[in-house]
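Input: a single structure, listed below in structure tokens.
The values are calculated or read from the model by the stated rules, or taken from the named source; none is laboratory data. Quantities reported herein were computed from a predicted structural model and do not represent experimental measurements. Cβ atoms come from the backbone with ideal geometry, glycine included; neighbour counts cover every protein chain shown.
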Amino acid sequence: MSKLLEVKDLKVSFHTYAGEVQSVRGVSFNLDKGETLAIVGESGCGKTITSKSIMRLIPTPPGEIKEGSQIIFEGKDILKMDNKELRKLRGESISMIFQDPMTSLNPTMKIGKQIAESLIIHRGMDKKEALEESVKILKLVNIPNAEKRINQYPHEFSGGMRQRAMIAIALACNPKILIADEPTTALDVTIQAQIMDLIKSLQDKIGMGVILITHDLGVVASVATKIQVMYAGKIIERGFTEEIFSNPKHPYTWALLQSVPRLETEHKNELYSIKGTPPDLLKPPAGCPFASRCEYCMEICKEQMPEVSKITDNHSVHCWLQHPLAPKVNMPESLGGAF
Ligand code: SF4
């Protein structure tokens, strides 16, 4: 597969009255054409800041993308683009959808006009062509009565339809990359599944790369090609989806997997929740950031950040338990064979 995007050593801080909050601390990853990469972690772990950095949507100040960070798209560093290049990038190459559709829909403008506008600006269509294309795009995202719906305002759409309309706007210019930040959190389970299926089928049709940001590993099981788990501004485990589900190696990933509801464990166990809170990123710990919440924590964990351990060519983890001298620990039994 060919590389669409390369994020290299991304570091993002926010300057506050209390000091510098190091929200993203040296994140690197690639996205290939046609693949779906899920970035998973609790809120505040840096996943949304990472995706907003790709779109250059970090307000500066108080935000600061640190010197040495690189985000390479088609051979160019997004972090060095001027405003004209950025407008083109956001309009034509990379689109983002958010948890709340009203953050990207204009409540005072008809849906059809909102889609048509970006087609006129970025694909050079005239008004008539753009409105016809808007109907086609609304049909593509399964909006019934698209010819009628283009003349309606966002408040006349249900929550699920607004989400679809937002996806329609994001897809209007056939982006090469779609960043979806918690796109289904506010929706009920049936609509969630429909939206995820829709993103997947559109991806198969137009071959875009997708970055899916979520706190819920359950959402990504059927759609993601690769998963990277973030904690306290760092990627602590990454691998192909099957490997992360069948052979997770980081205690935090175990905990996330245990908090996914499964049919066979329903009524038997309470859903697992991770005790404690993530570290304060005003003063990140020197050792493993998960140490204060980890039931396997050893002395070395508090002192030194674990180096990367390769489990397979495509699966790696930062945890001292993978060191050859570490005590052997089995993953929690309730996970065995569950995926
Ligand atoms: Fe737990 Fe230590 Fe592994 Fe961190 S490095 S996850 S504290 S065992």
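Residues are listed down the side, and each one gets a yes or a no for (1) in contact with a helix residue (DSSP H, G or I) (Cβ under 8 Å, 6 or more places away or on another chain); (2) without any contact (Cβ under 8 Å) to a residue 24 or more places away in the chain; (3) under 30 Å from Ser53 (Cβ atoms):
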position: Asn142; (1), (2), (3): yes, no, no
position: Ala146; (1), (2), (3): yes, yes, no
position: Arg164; (1), (2), (3): yes, no, yes
position: Ile213; (1), (2), (3): yes, no, yes
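Counting only residues that are out of contact with any strand residue (DSSP E or B) (no Cβ under 8 Å at 6 or more places or on another chain), surrounded by fewer than 19 Cβ atoms within 10 Å (Cβ to Cβ) and either of a type in the set (Phe, Trp, Tyr) or within 24 Å of Asn151 (Cβ to Cβ) (or both), segment 92-116 holds 9 of them. The numbered conditions (1) among the aliphatic types (A, V, I, L, M); (2) under 22 Å from Asp197 (Cα atoms); (3) in contact with a strand residue (DSSP E or B) (Cβ under 9 Å, 6 or more places away or on another chain) are all true for Ile72 except (2).
Give me the residue from segment 194-251 that is under 11 Å from the mean Cα position of the chain (by Cα) and under 29 Å from Met298 (Cβ atoms) and, out of that set, surrounded by the most Cβ atoms within 10 Å (Cβ to Cβ). Lay out the reasoning, then the answer.
The first filter runs over segment 194-251 and keeps only residues under 11 Å from the mean Cα position of the chain (by Cα), leaving 210-216, 220, 224, 227-230.
Retained after the next criterion (residues that are under 29 Å from Met298 (Cβ atoms)): 215, 227-230.
Working: His215: 16, Ile227: 28, Gln228: 23, Val229: 26, Met230: 25.
Filtering segment 194-251 for residues that are under 11 Å from the mean Cα position of the chain (by Cα) and under 29 Å from Met298 (Cβ atoms), the one surrounded by the most Cβ atoms within 10 Å (Cβ to Cβ) comes out as Ile227.
If we scan segment 50-61, do we find a residue that is closer than 24 Å to Leu202 by Cβ, touching a helix residue (DSSP H, G or I) at 6+ places or on another chain (Cβ under 7 Å) and not hydrophobic (A, V, I, L, M, F, W, C)? Don't jump to the end; show me each part of the working.
Residues of segment 50-61 closer than 24 Å to Leu202 by Cβ: 50-52, 54-55, 57.
Next, from what is left, pick out any that are touching a helix residue (DSSP H, G or I) at 6+ places or on another chain (Cβ under 7 Å): 54-55.
Subsequent filtering for residues that are not hydrophobic (A, V, I, L, M, F, W, C) retains none.
So far as segment 50-61 goes, no, none of its residues is closer than 24 Å to Leu202 by Cβ, touching a helix residue (DSSP H, G or I) at 6+ places or on another chain (Cβ under 7 Å) and not hydrophobic (A, V, I, L, M, F, W, C).
Taking residues in segment 277-290 that are within 13 Å of Gly46 (Cα to Cα) and without any contact (Cβ under 8 Å) to a residue 40 or more places away in the chain, and partners anywhere that are within 12 Å of the ligand (Cβ to nearest atom) and not in a loop (DSSP other than H, G, I, E, B), not one pair has Cβ atoms closer than 7 Å while being at least 6 places apart or on different chains.
When you look at Lys76, is it among the basic types (Lys, Arg) and touching a residue at least 12 places away in the same chain (Cβ under 8 Å), yes or no? When the stated conditions are applied, Lys76 does not pass them. The condition (being farther than 15 Å from Ile236 by Cα, at pLDDT 95 or above and in contact with a Ser or Thr (Cβ under 6 Å, 6 or more places away or on another chain)) is satisfied by just one residue among Glu67, Glu20, Glu35: Glu20.
Would you call Ala146 modelled with pLDDT under 95 and surrounded by 20 or more Cβ atoms within 10 Å (Cβ to Cβ)? Spelling it out, it is not the case that Ala146 is modelled with pLDDT under 95 and surrounded by 20 or more Cβ atoms within 10 Å (Cβ to Cβ). Of the residues that sit in segment 62-86 and are out of contact with any helix residue (DSSP H, G or I) (no Cβ under 9 Å at 6 or more places or on another chain) and basic (Lys, Arg), which one is surrounded by the most Cβ atoms within 10 Å (Cβ to Cβ)? Taking the candidates together, the pick is Lys66. In segment 117-143, the residue that is farthest from the chain's Cα centre (by Cα) out of those that are surrounded by 17 or more Cβ atoms within 10 Å (Cβ to Cβ) and among the small types (Gly, Ala, Ser) is Ala130.
Only one residue in Arg90, Arg56 is under 30 Å from Ile235 (Cα atoms), charged (D, E, K, R) and assigned to a helix (DSSP H, G or I). Which one? So that I can check it myself, show each step before the final result.
Working: Arg56 fails: assigned to a helix (DSSP H, G or I).
None of the other options fit; the residue is Arg90.
Of all residues in segment 282-291, one or more are within 22 Å of Phe245 (Cβ to Cβ), at pLDDT 95 or above, surrounded by 13 or more Cβ atoms within 10 Å (Cβ to Cβ) and near the ligand (Cβ under 10 Å from one of its atoms).
Have a look at Ile195, Ile177 and point out the one that is at negative phi, at pLDDT 85 or above and touching a Leu at 6+ places or on another chain (Cβ under 8 Å).
Working: Ile195 fails: at pLDDT 85 or above.
Sole residue among the options that is at negative phi, at pLDDT 85 or above and touching a Leu at 6+ places or on another chain (Cβ under 8 Å): Ile177.
For segment 306-332, filtered to residues that are in a loop (DSSP other than H, G, I, E, B) and touching a residue at least 60 places away in the same chain (Cβ under 8 Å), the residue that is farthest from the ligand (Cβ to nearest atom) is Asn314.
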